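Presented below is the structure to which this report refers.
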Amino acid sequence: MSESDKYPEDSGRRRFVKGVVGGAALAGVGATGATAINSATSSTGAGGGTTEAYAIENVAGPAPRGMPQIPIEIDDEGYLKGVWPEVKTVEENGVSVQVAETENYKGTGVTYSSEWFQYCGVESYAGLQPDYDSDNYFVVGSNPGYEWMSDLSQGDRLNVSMFDDYQDWGNGIGQAGLGKPATGTWRSQDAEDTIPIQVIRSEKIKQMAENDPWIKASTQDGFMAWLNKCTHFCCVPGYKQTEDAAKFDAADDVYCQCHQSVYDPFSIVQTLFVARPRPES
Ligand code: FES
(Lines give C-alpha, C1' and ligand atoms only; values in the text may rest on other atoms or scores of the structure.)
Protein backbone atom coordinates (compact mmCIF):
# COMPACT_ATOMS: atom_id res chain seq x y z
CA MET A 1 0.00 0.00 0.00
CA SER A 2 1.46 3.36 -0.96
CA GLU A 3 1.58 6.33 1.33
CA SER A 4 -1.05 8.07 -0.74
CA ASP A 5 -3.42 5.12 -0.31
CA LYS A 6 -3.05 5.17 3.42
CA TYR A 7 -3.34 8.90 3.71
CA PRO A 8 -5.53 10.25 0.92
CA GLU A 9 -4.93 13.88 1.81
CA ASP A 10 -1.91 15.48 3.39
CA SER A 11 -3.99 17.53 5.73
CA GLY A 12 -5.93 14.43 6.72
CA ARG A 13 -2.72 12.66 7.60
CA ARG A 14 -1.62 15.32 9.99
CA ARG A 15 -4.87 15.22 11.90
CA PHE A 16 -5.10 11.47 11.76
CA VAL A 17 -1.73 11.06 13.39
CA LYS A 18 -2.56 13.66 16.00
CA GLY A 19 -5.82 11.88 16.77
CA VAL A 20 -4.13 8.53 17.21
CA VAL A 21 -1.51 9.91 19.53
CA GLY A 22 -4.12 11.64 21.62
CA GLY A 23 -6.31 8.59 21.83
CA ALA A 24 -3.65 5.89 21.91
CA ALA A 25 -5.16 4.12 24.87
CA LEU A 26 -8.47 3.97 23.07
CA ALA A 27 -7.23 3.06 19.64
CA GLY A 28 -7.83 -0.64 20.05
CA VAL A 29 -11.32 -0.30 21.41
CA GLY A 30 -13.03 0.24 18.10
CA ALA A 31 -11.59 -2.92 16.65
CA THR A 32 -12.17 -5.21 19.58
CA GLY A 33 -15.64 -4.20 20.66
CA ALA A 34 -17.42 -4.30 23.95
CA THR A 35 -14.92 -6.53 25.71
CA ALA A 36 -12.42 -3.70 25.79
CA ILE A 37 -14.73 -1.29 27.49
CA ASN A 38 -14.30 -2.72 30.95
CA SER A 39 -10.59 -2.13 30.95
CA ALA A 40 -10.74 1.37 29.48
CA THR A 41 -10.66 4.25 31.88
CA SER A 42 -12.15 7.64 31.21
CA SER A 43 -10.09 9.53 28.73
CA THR A 44 -8.47 12.85 29.29
CA GLY A 45 -9.02 15.72 26.90
CA ALA A 46 -12.18 17.39 25.84
CA GLY A 47 -15.32 15.34 25.95
CA GLY A 48 -14.17 11.75 25.46
CA GLY A 49 -15.00 8.63 27.47
CA THR A 50 -17.61 5.94 27.70
CA THR A 51 -20.75 6.90 25.88
CA GLU A 52 -24.00 5.20 24.99
CA ALA A 53 -25.26 6.08 21.53
CA TYR A 54 -28.25 5.04 19.51
CA ALA A 55 -27.08 3.45 16.31
CA ILE A 56 -28.18 1.51 13.27
CA GLU A 57 -27.35 -2.05 14.25
CA ASN A 58 -24.26 -3.83 12.98
CA VAL A 59 -25.54 -7.24 11.90
CA ALA A 60 -22.55 -8.82 10.12
CA GLY A 61 -18.89 -8.35 9.37
CA PRO A 62 -16.00 -7.12 11.49
CA ALA A 63 -17.44 -3.76 12.63
CA PRO A 64 -17.62 -3.66 16.43
CA ARG A 65 -20.90 -1.77 16.69
CA GLY A 66 -23.52 0.20 14.81
CA MET A 67 -23.14 3.62 13.24
CA PRO A 68 -24.53 6.46 15.36
CA GLN A 69 -27.87 7.97 14.57
CA ILE A 70 -28.30 11.71 14.03
CA PRO A 71 -31.64 13.00 15.34
CA ILE A 72 -33.61 14.78 12.62
CA GLU A 73 -35.69 17.90 12.44
CA ILE A 74 -37.55 19.26 9.43
CA ASP A 75 -38.04 23.01 9.08
CA ASP A 76 -41.19 24.81 7.92
CA GLU A 77 -40.08 24.62 4.30
CA GLY A 78 -39.36 20.91 4.40
CA TYR A 79 -35.57 21.08 4.67
CA LEU A 80 -33.87 18.34 6.68
CA LYS A 81 -31.57 19.15 9.56
CA GLY A 82 -29.47 17.07 11.88
CA VAL A 83 -29.98 18.24 15.43
CA TRP A 84 -26.79 19.32 17.18
CA PRO A 85 -26.76 18.94 20.97
CA GLU A 86 -26.80 21.96 23.28
CA VAL A 87 -23.47 23.68 23.61
CA LYS A 88 -22.40 24.20 27.21
CA THR A 89 -19.35 24.59 29.38
CA VAL A 90 -18.59 21.95 32.00
CA GLU A 91 -15.76 21.25 34.42
CA GLU A 92 -13.62 18.29 33.45
CA ASN A 93 -10.72 17.45 35.77
CA GLY A 94 -10.75 20.99 37.07
CA VAL A 95 -10.69 22.55 33.63
CA SER A 96 -13.59 24.27 31.90
CA VAL A 97 -14.34 22.66 28.55
CA GLN A 98 -17.08 23.17 26.02
CA VAL A 99 -19.24 20.17 25.22
CA ALA A 100 -22.29 19.56 23.07
CA GLU A 101 -24.79 17.55 25.05
CA THR A 102 -28.55 17.47 25.48
CA GLU A 103 -29.81 15.64 28.54
CA ASN A 104 -33.23 14.05 28.41
CA TYR A 105 -33.58 14.61 24.65
CA LYS A 106 -37.19 15.66 24.00
CA GLY A 107 -38.28 13.97 27.20
CA THR A 108 -36.93 10.54 26.26
CA GLY A 109 -34.43 10.30 29.10
CA VAL A 110 -31.68 9.87 26.50
CA THR A 111 -28.52 11.94 26.75
CA TYR A 112 -27.64 12.97 23.20
CA SER A 113 -24.02 14.04 22.92
CA SER A 114 -21.45 14.89 20.28
CA GLU A 115 -19.47 12.01 21.79
CA TRP A 116 -21.67 9.71 19.72
CA PHE A 117 -19.64 10.82 16.71
CA GLN A 118 -16.17 10.86 18.28
CA TYR A 119 -14.42 7.96 16.57
CA CYS A 120 -12.47 7.38 13.36
CA GLY A 121 -10.84 10.79 13.55
CA VAL A 122 -14.19 12.57 13.24
CA GLU A 123 -13.50 13.90 16.73
CA SER A 124 -10.93 16.23 15.18
CA TYR A 125 -13.17 17.54 12.38
CA ALA A 126 -14.14 21.18 12.56
CA GLY A 127 -17.83 20.26 12.51
CA LEU A 128 -17.46 18.28 15.70
CA GLN A 129 -16.33 21.33 17.63
CA PRO A 130 -19.29 22.16 19.88
CA ASP A 131 -19.53 25.77 18.71
CA TYR A 132 -18.77 25.22 15.00
CA ASP A 133 -20.89 27.73 13.13
CA SER A 134 -23.42 25.75 11.11
CA ASP A 135 -27.12 25.81 10.31
CA ASN A 136 -27.04 22.00 10.62
CA TYR A 137 -28.86 21.31 7.36
CA PHE A 138 -28.06 18.12 5.50
CA VAL A 139 -26.65 19.11 2.13
CA VAL A 140 -25.61 17.27 -1.02
CA GLY A 141 -21.93 16.33 -1.03
CA SER A 142 -19.39 16.29 -3.83
CA ASN A 143 -20.16 12.75 -4.90
CA PRO A 144 -23.84 11.86 -4.40
CA GLY A 145 -24.49 8.17 -3.92
CA TYR A 146 -27.59 7.71 -6.07
CA GLU A 147 -28.68 8.22 -9.64
CA TRP A 148 -31.77 10.13 -8.51
CA MET A 149 -29.49 12.77 -7.00
CA SER A 150 -27.63 13.46 -10.24
CA ASP A 151 -29.60 16.65 -10.94
CA LEU A 152 -28.66 18.13 -7.60
CA SER A 153 -25.66 20.32 -6.97
CA GLN A 154 -23.14 20.20 -4.21
CA GLY A 155 -24.42 22.21 -1.28
CA ASP A 156 -28.12 21.82 -2.11
CA ARG A 157 -30.17 21.17 1.00
CA LEU A 158 -32.07 17.92 1.19
CA ASN A 159 -35.80 18.54 1.15
CA VAL A 160 -38.80 16.38 1.94
CA SER A 161 -40.15 16.93 -1.59
CA MET A 162 -37.20 14.97 -3.03
CA PHE A 163 -38.51 11.87 -1.30
CA ASP A 164 -42.13 11.89 -2.49
CA ASP A 165 -41.70 8.51 -4.14
CA TYR A 166 -40.22 6.89 -1.04
CA GLN A 167 -42.83 4.14 -0.89
CA ASP A 168 -41.94 2.84 -4.36
CA TRP A 169 -38.33 3.87 -4.90
CA GLY A 170 -35.84 1.28 -6.01
CA ASN A 171 -32.60 1.20 -7.99
CA GLY A 172 -32.32 -2.44 -8.96
CA ILE A 173 -30.35 -3.35 -5.86
CA GLY A 174 -32.38 -5.53 -3.49
CA GLN A 175 -36.06 -4.96 -3.03
CA ALA A 176 -37.83 -1.75 -4.13
CA GLY A 177 -40.26 0.03 -1.85
CA LEU A 178 -38.34 -0.26 1.42
CA GLY A 179 -37.45 3.40 1.56
CA LYS A 180 -35.64 6.12 -0.34
CA PRO A 181 -32.08 7.04 0.65
CA ALA A 182 -29.84 10.04 0.10
CA THR A 183 -26.22 10.74 0.86
CA GLY A 184 -25.06 14.08 2.18
CA THR A 185 -22.85 16.02 4.50
CA TRP A 186 -23.48 17.76 7.80
CA ARG A 187 -21.76 20.64 9.63
CA SER A 188 -19.06 20.72 6.97
CA GLN A 189 -19.44 24.04 5.17
CA ASP A 190 -16.03 25.63 4.73
CA ALA A 191 -14.40 22.72 6.58
CA GLU A 192 -11.48 20.67 5.31
CA ASP A 193 -13.03 17.43 6.49
CA THR A 194 -16.61 16.63 5.60
CA ILE A 195 -18.88 14.65 7.86
CA PRO A 196 -20.65 12.03 5.70
CA ILE A 197 -24.24 11.18 6.48
CA GLN A 198 -27.00 9.06 5.06
CA VAL A 199 -30.68 9.67 5.41
CA ILE A 200 -33.54 7.38 4.53
CA ARG A 201 -37.28 7.88 4.38
CA SER A 202 -39.26 4.75 5.00
CA GLU A 203 -42.67 3.52 6.08
CA LYS A 204 -40.81 1.15 8.40
CA ILE A 205 -39.28 4.04 10.29
CA LYS A 206 -42.73 5.60 10.68
CA GLN A 207 -44.02 2.37 12.15
CA MET A 208 -41.03 1.98 14.45
CA ALA A 209 -41.65 5.51 15.75
CA GLU A 210 -45.12 4.57 16.90
CA ASN A 211 -43.85 2.23 19.59
CA ASP A 212 -40.53 3.69 20.60
CA PRO A 213 -40.14 7.05 22.35
CA TRP A 214 -36.55 7.51 21.19
CA ILE A 215 -37.31 6.75 17.53
CA LYS A 216 -40.36 8.99 17.69
CA ALA A 217 -38.24 11.85 19.06
CA SER A 218 -35.27 11.40 16.74
CA THR A 219 -37.05 10.78 13.42
CA GLN A 220 -39.78 12.67 11.60
CA ASP A 221 -42.25 11.65 8.90
CA GLY A 222 -40.30 8.45 8.31
CA PHE A 223 -36.92 10.20 7.96
CA MET A 224 -33.95 8.81 9.86
CA ALA A 225 -30.25 9.69 9.57
CA TRP A 226 -26.91 8.33 10.67
CA LEU A 227 -23.23 9.25 10.59
CA ASN A 228 -21.97 7.24 7.65
CA LYS A 229 -18.53 6.18 8.92
CA CYS A 230 -17.93 2.49 9.33
CA THR A 231 -17.01 1.70 12.93
CA HIS A 232 -14.54 -0.91 11.70
CA PHE A 233 -11.84 1.05 9.86
CA CYS A 234 -13.70 4.22 8.96
CA CYS A 235 -14.75 3.65 5.34
CA VAL A 236 -17.96 5.21 4.05
CA PRO A 237 -20.59 2.47 3.59
CA GLY A 238 -23.79 2.74 1.58
CA TYR A 239 -27.42 1.69 1.53
CA LYS A 240 -28.15 0.10 -1.86
CA GLN A 241 -25.08 1.66 -3.41
CA THR A 242 -23.32 -1.40 -4.78
CA GLU A 243 -24.52 -4.62 -6.35
CA ASP A 244 -21.81 -6.44 -4.44
CA ALA A 245 -23.93 -6.09 -1.33
CA ALA A 246 -26.18 -8.89 -2.57
CA LYS A 247 -23.30 -11.36 -2.37
CA PHE A 248 -23.22 -10.75 1.35
CA ASP A 249 -26.97 -10.84 1.84
CA ALA A 250 -26.91 -7.08 2.31
CA ALA A 251 -28.79 -5.76 -0.73
CA ASP A 252 -31.42 -4.27 1.58
CA ASP A 253 -28.98 -3.14 4.25
CA VAL A 254 -26.16 -0.68 4.62
CA TYR A 255 -23.04 -2.37 3.33
CA CYS A 256 -19.37 -1.45 3.73
CA GLN A 257 -17.29 -2.53 0.74
CA CYS A 258 -14.00 -2.39 2.60
CA HIS A 259 -14.43 -5.54 4.72
CA GLN A 260 -18.09 -6.46 4.29
CA SER A 261 -19.62 -5.06 7.44
CA VAL A 262 -23.40 -4.87 7.28
CA TYR A 263 -25.73 -2.54 9.16
CA ASP A 264 -29.52 -2.70 9.39
CA PRO A 265 -31.04 0.80 9.11
CA PHE A 266 -34.34 -0.55 10.37
CA SER A 267 -32.93 -1.73 13.67
CA ILE A 268 -31.97 1.07 16.01
CA VAL A 269 -30.10 -0.11 19.07
CA GLN A 270 -28.06 1.32 21.92
CA THR A 271 -24.32 0.88 21.66
CA LEU A 272 -21.72 1.42 24.35
CA PHE A 273 -18.24 2.50 23.35
CA VAL A 274 -15.36 4.71 24.35
CA ALA A 275 -15.53 8.02 22.51
CA ARG A 276 -12.23 9.58 21.60
CA PRO A 277 -11.51 12.94 23.13
CA ARG A 278 -11.56 15.95 20.89
CA PRO A 279 -8.00 17.19 20.45
CA GLU A 280 -7.11 20.27 22.42
CA SER A 281 -7.47 23.23 20.16
S1 FES B 1 -15.87 -3.11 7.15
FE2 FES B 1 -13.85 -2.44 7.46
S3 FES B 1 -14.03 -0.30 7.20
FE4 FES B 1 -16.06 -0.99 6.93
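The values are calculated or read from the model by the stated rules, or taken from the named source; none is laboratory data. Source: prediction; values computed, not measured. No Cβ is skipped: glycine too gets one built from the backbone with ideal geometry, and neighbour counts run over all protein chains shown. Quick note on the areas: whole protein, heavy atoms, side chains included, nothing else; ligands and nucleic acids left out. Shrake-Rupley method; radii C 1.70, N 1.55, O 1.52, S 1.80 Å.
Quick look at the values:
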read-out	value
Accessible area, probe 1.4 Å, largest first, for residues 88, 229	88, 229
For the range 161-211: span of alpha carbons on each principal axis (Å, largest first)	36, 31, 21
Dipole magnitude of the range 226-281, debye to nearest 20 (Cβ charges: Lys/Arg +1, Asp/Glu -1, about Cα centre)	300
Spherically averaged projected area in nm², based on the convex hull that wraps the Cα atoms of the range 94-161	7.4
Apportionment of accessible area to carbon and sulfur, the range 90-247, percent (1.4 Å)	41
3J(HN,Hα) from dihedral phi, the range 75-92, Karplus parametrisation 6.51/-1.76/1.60, rounded to Hz, x for glycine, proline	7, 4, 9, x, 7, 8, 10, x, 6, 9, x, 5, 8, 8, 10, 10, 8, 10
